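The values are calculated or read from the model by the stated rules, or taken from the named source; none is laboratory data. None of the values given here were measured: they were computed from a predicted structure. Cβ sites come from the backbone with ideal geometry, for glycine too, and all protein chains shown count toward neighbours.
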Amino acid sequence: MALVLNDEQTMLRDNARGFLGKNAPIAHLRALRDKRDADGFSRALWKDFVEMGWAGILVPQEYGGLGLGHVEAGVVMEELGRTLTPSPFLSTAVLAATAIARAGTDKQKKNYLSQIVAGDLIATPAVDETAKHHPEKTAMTAARAGNSFKLDGAKTFVIDGHVANLLIVIARSAGKPGDTNGLTLFLVDASATGIRAERTPTVDTHNAARLTFEDVNVSADDVLGKVDAGWNVLEGVLNVGRAAVAAEMVGAGEEAFSRTVAYLRERKQFGRPIGEFQALQHRAAHLYCELEVTRSAVLKALQTLDDSFDRAGAIVSVAKARAGLSATLAVNEAVQMHGGIGMTDEFDIGLFMKRVRVGQELFGDANFHADRLARLNRY
Amino acid sequence: MDNLETFRKETRAWLEANCPAEMRRPVQGEEDACWGGRHPVFQSDAQRLWLERMAEKGWTVPEWAREYGGGGLTRDEAKILRQEMRALGCRPPLTSFGISMLGPALLKYGSEEQKREHLPKITRGEIRWCQGYSEPGAGSDLASLQARAEDKGDQFLVNGSKIWTTYANKADWIFCLVRTDPSAPKHEGISFVLFDMESAGVSTKPITLISGASPFCETFFDDVLVPKANLVGKLNKGWDVAKYLLTHERDMIGGMGSTGDSRSLGQIASETVGTDNGMLADTALRGQIAAYEIDALAFRLTMERVGDMAKVGQAHPAVSSLLKYYGTELNKRRMELLMSAGGSDALEWEGERSREGRTARAWLRSKGNSIEGGTSEIQLNIIAKRILSLPGA
C-alpha cells in the first residue's frame with residue numbers, strides 16, 4: 001500500500017481539521033480547564049462526534065459503525081492532537097471498541113458496540129497498575145467463585161476512568177505477575193459494588209483516574225475472550241492504542257512546530273527576525289526531518305494494523321517510540337524558541353508540552369518500546 | 001493488475017534463468033560493484049555475463065525509454081523488477097554515476113542528440129562517468145567555482161582544477177561545471193559541459209583517505225578543448241542543471257552504507273559483549289542499538305513514502321536534502337555502533353579475520369557521507385530556506 005493518504009482519507013482529514021478548528025480549538029480545552037468541568041470533556045461535542053460517526057469509526061458496519069480502518073482512526077487522532085481536544089474518542093471509539101469488536105461474543109458486540117456507536121456508552125480499558133507501563137506484570141486478581149469471578153486490586157492511569165460506564169479490566173486469573181499466560185479480560189459495569197474511582201486529571205487537563213476493586217463480582221458471561229488467554233487480545237488493543245496515540249503526537253508535534261516556525265519568521269531581535277539566525281534555522285530544519293521521519297513510521301504502523309494486524313507489533317513500537325521522542329523534541333524546542341512568552345500560561349504552546357508528556361507515557365514510553373523491539377529482534 | 005502479475009511471473013522466470021549463481025551472493029563491499037567503462041574490470045565471467053544480459057533487456061536502467069537503452073518499464077513494473085531481484089538476491093548489474101546522476105540531468109536538460117549519444121552507452125556500461133563539481137576553493141560554496149571555459153569559436157578552452165572527483169582516474173568522461181562568464185554574479189556565469197577524460201590536457205591524481213582507500217582524485221585541466229556541442233542546457237545556466245543533478249546525488253548518498261555484513265547490529269553485539277537471559281549484557285549498548293534500529297526503520301519508510309509522494313505530485317522538491325542529511329547522519333551512527341559492538345576486533349586494520357580491516361575502513365569512509373554531495377549543514381540550510389521559508393537563509 002502506498003505510504004500516502006488516499007482521497008477518502010484526505011477528505012476525512014480535511015473535514016476533521018475544519019470541524020475541530022471551528023468547534024474545538026484550544027480555547028475549548030482552556031474553558032473546560034478553567035471551569036473545572038466535572039466530566040473533563042464536552043458531552044455536546046461528543047454528541048457531534050457521534051453524529052459524524054466517529055464513535056463508531058472502527059466498529060464494523062454490521063454493528064452500526066462506519067467500519068473504517070486504523071489509518072482513518074489515526075487521521076482523526078492526529079487532528080485531535082493539533083487542537084489538544086479532550087474527548088472519549090481514544091478510550092471509547094479506539095480502545096474499547098477494538099477490544100469488544102475483536103474479542104467479544106456476538107451478544108456482547110450487539111449490546112456494547114451499538115451503544116458506543118449511539119454515544120450512549122463511555123467505555124475504557126483499565127490496564128496499568130504501576131507508574132510505568134508493564135501490562136504483563138498485572139497483579140490484580142480474578143478469583144473464580146462459582147459461575148463468576150471476584151476482582152481485587154487497583155488500576156491507575158485509567159483514561160476517562162471517572163466518567164466511564166463500562167470498564168474493560170485485565171486481571172490475573174492464573175499465574176503470577178510477569179506471566180503473559182493467566183490473564184483475563186472482563187467487561188465490568190463501572191457502577192458495580194466494590195469499585196471506587198478517584199479522578200486524577202493529568203498535567204494536560206485530560207481525564208485519568210485511579211480505580212480500586214474490592215470483591216467486585218463479575219459474571220462469567222462478562223469475560224471478554226477466553227479465560228486465562230487475554231494477553232493476545234490485550235496486546236492487539238494496546239497496539240491500536242499505541243499507534244493512535246502516536247498519530248495524536250504527530251498532530252501535536254507538528255502543530256507546535258508550525259506555530260514555532262511562524263514565530264521565528266515574525267519575532268524580531270537585534271533588528272531582524274530571529275529566524276535569520278543559523279543557530280535556530282538548523283535546529284528547526286533538524287526538527288522538521290525528525291517529524292517527517294516519524295510520520296512515515298506512524299502511517300506504516302496504522303496501515304499494518306489494517307493489513308496484517310497480528311504482525312504489527314514491531315512497527316507499532318517503532319512508531320510509538322519515535323512519536324514520543326520527536327513530539328517531545330518539538331515541544332521543548334517550541335517553548336525554548338518562543339522564549340519568555342512560551343513559559344506563560346496565557347500562551348498556548350505550553351499546553352502542547354503538557355499533552356505530549358502524557359502521550360509519551362501512555363501505553364509505554366520510548367524506552368519501553370525500544371526494549372520491546374530489541375526483544376522482538378532477539379538481542 | 002493481471003498484467004502486473006504476469007509481468008512478475010515472467011520477470012522471475014527470466015531472472016532465475018539468466019542471473020548467474022555467483023551474482024546472487026550478497027555484495028561484500030565496494031569492490032564487488034561492476035562499473036563498466038571502456039576498460040572494464042570484471043571480477044568474473046559471471047559478472048560480465050550478468051551485465052550483458054541485463055543491458056540487453058534494458059534492465060540496467062529499467063525506467064528509461066527503450067530508445068535510450070532503458071527497459072521502458074512503468075514505475076510499477078520497475079518496482080516489481082526490484083522486488084524480484086531482491087527476492088532472488090540478484091546483485092545490481094551495473095553501478096554508475098551515469099545512471100544515478102548524469103542520466104536524470106540529461107533527460108531533463110540535454111538535447112535529443114546528447115541523449116541519443118550518451119544514454120545508451122550508459123545503460124550498456126560502455127562509458128564510465130565522473131563528476132567535476134568541487135574545487136579546492138569551492139566546497140560548500142560550490143557556486144564560487146573558478147575552472148574556466150573560454151569561448152574559442154566552435155570550442156571551449158577549459159583551464160582549472162577539480163577536487164574530490166570520484167574515480168576520476170578510472171572514468172572515461174566527465175560532466176563538469178565551468179565558469180563561462182566571470183563577470184556575472186556567481187550563480188549566473190556557470191555552464192555544464194561534458195568531455196572525454198582522454199582529451200589532451202586532462203590529468204588526475206588520486207587522494208588517499210583516512211580509510212586508506214582512494215576513491216577521490218584531484219583533476220587538472222590544462223588547455224582542454226571541448227566541442228560546444230557538449231554544452232548541456234543553456235550557456236551560463238549550468239547552475240540549474242547542477243542543482244537538479246545534486247538532488248539525485250543526495251538521494252544516492254542518503255541510501256548508502258553497506259559493510260557487506262548481513263548480520264544485524266544486535267547479532268554482532270551478542271557475539272562480542274555476550275548475552276544475559278537472551279538480552280545483550282551491555283544494556284546501554286542494547287538501548288543505543290534499539291534506538292538506532294527504530295530510527296533506521298523509520299528512515300527506510302521515509303524513503304518509501306517520499307517515493308510514493310513523488311508519484312502523486314506531493315513531494316517537496318527539496319526533500320532530497322532531508323534524505324541526504326538524515327540518511328548520512330544515521331549511517332555514521334550505525335558505523336559508530338558497529339565499532340562499539342565490534343570492540344578490538346573492529347580495530348584490526350590488517351589480517352584475514354577482519355578481512356583487512358573492513359569494519360574500520362567502512363567506519364572511516366562513512367565520515368565523508370555527511371560532507372560529500374553537500375554537507376549536513378548545507379542540507380539544513382536548504383531545508384530552512386526552501387521548505388520552512390525562514391528569512392534570510
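Data for the structure
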| item | result |
| --- | --- |
| Output for segment B:187-200, where each listed residue is surrounded by 15 or more Cβ atoms within 10 Å (Cβ to Cβ) and farther than 17 Å from B:ALA229 by Cα | B:HIS187, B:GLY189 |
| Residue match in segment A:278-292 (condition: more than 13 Å from every other protein chain (Cβ to nearest Cβ) and not β-branched (Val, Ile, Thr)) | no |
| Pair list, Cβ under 6 Å, 6 or more apart: segment A:284-295 residue polar (S, T, N, Q), other residue part of a helix (DSSP H, G or I) | A:THR294/A:ARG322; A:THR294/A:ALA323; A:THR294/A:SER326 |
| Tabulated pairs, segment B:21-40, first within 20 Å of B:LEU88 (Cα to Cα), second surrounded by fewer than 14 Cβ atoms within 10 Å (Cβ to Cβ) and at pLDDT below 85, C-beta under 7 angstrom, 6+ apart or interchain | B:PRO26/B:SER262 |
| Conditions (1) among the acidic types (Asp, Glu); (2) in a helix (DSSP H, G or I); (3) free of Cβ contacts under 8 Å to residues at least 24 places away in the same chain: number failed by A:GLU79 | (3) |
| Answer residue from segment B:118-148, given it is small (Gly, Ala, Ser) and in contact with a Lys or Arg (Cβ under 7 Å, 6 or more places away or on another chain) and is surrounded by the fewest Cβ atoms within 10 Å (Cβ to Cβ) among those | B:SER144 |
| Restricting segment A:340-375 to residues that are of a type in the set (Gly, Ala, Ser) and away from chain B (no Cβ under 14 Å), the residue that is nearest to A:ARG30 (Cα to Cα) | A:GLY350 |
| Segment B:277-303 - residue that is assigned to a helix (DSSP H, G or I) and out of contact with any helix residue (DSSP H, G or I) (no Cβ under 7 Å at 6 or more places or on another chain) and, of those, farthest from the other protein chains (Cβ to nearest Cβ) | B:ALA284 |
| Wholly within segment B:52-156, helices (runs of 4 or more DSSP H) carrying at least 2 residues that are free of Cβ contacts under 8 Å to residues at least 24 places away in the same chain and not assigned by TED's automatic domain parsing to the domain that holds B:PHE7 | B:112-123 |
| Considering residues of segment B:342-393 that are part of a loop (DSSP other than H, G, I, E, B) and at the interface with another protein chain (Cβ under 10 Å from one of its Cβ atoms) only, the residue modelled with the lowest pLDDT | B:ALA393 |
| Residues (within 9 Å of chain A (Cβ to nearest Cβ), surrounded by fewer than 19 Cβ atoms within 10 Å (Cβ to Cβ), assigned to a helix (DSSP H, G or I) and without any contact (Cβ under 8 Å) to a residue 24 or more places away in the chain) located in segment B:304-326 | B:GLU304, B:GLY307, B:ASP308, B:MET309 |
| Top-ranked residue in segment A:167-198 [being buried (at least 22 other Cβ atoms within 10 Å of the Cβ) and in contact with a helix residue (DSSP H, G or I) (Cβ under 8 Å, 6 or more places away or on another chain); ranked as farthest from A:ALA123 (Cα to Cα)] | A:LEU183 |
| B:GLY110, sole failed condition from (1) crowded, with 18+ Cβ neighbours inside 10 Å; (2) modelled with pLDDT under 95 | (2) |
| Checking A:ALA252 against (1) more than 9 Å from chain B (Cβ to nearest Cβ); (2) over 21 Å from the mean Cα position of the chain (by Cα), the condition it does not meet | (2) |
| Residue that is within 14 Å of another protein chain (Cβ to nearest Cβ), within 17 Å of the chain's Cα centre (by Cα) and outside any loop (DSSP other than H, G, I, E, B), where the choices are A:ALA209, A:ALA243 | A:ALA243 |
| Flag for A:PHE277 being of a type in the set (Phe, Trp, Tyr) and either modelled with pLDDT under 95 or within 22 Å of A:GLN9 (Cα to Cα) (or both) | no |
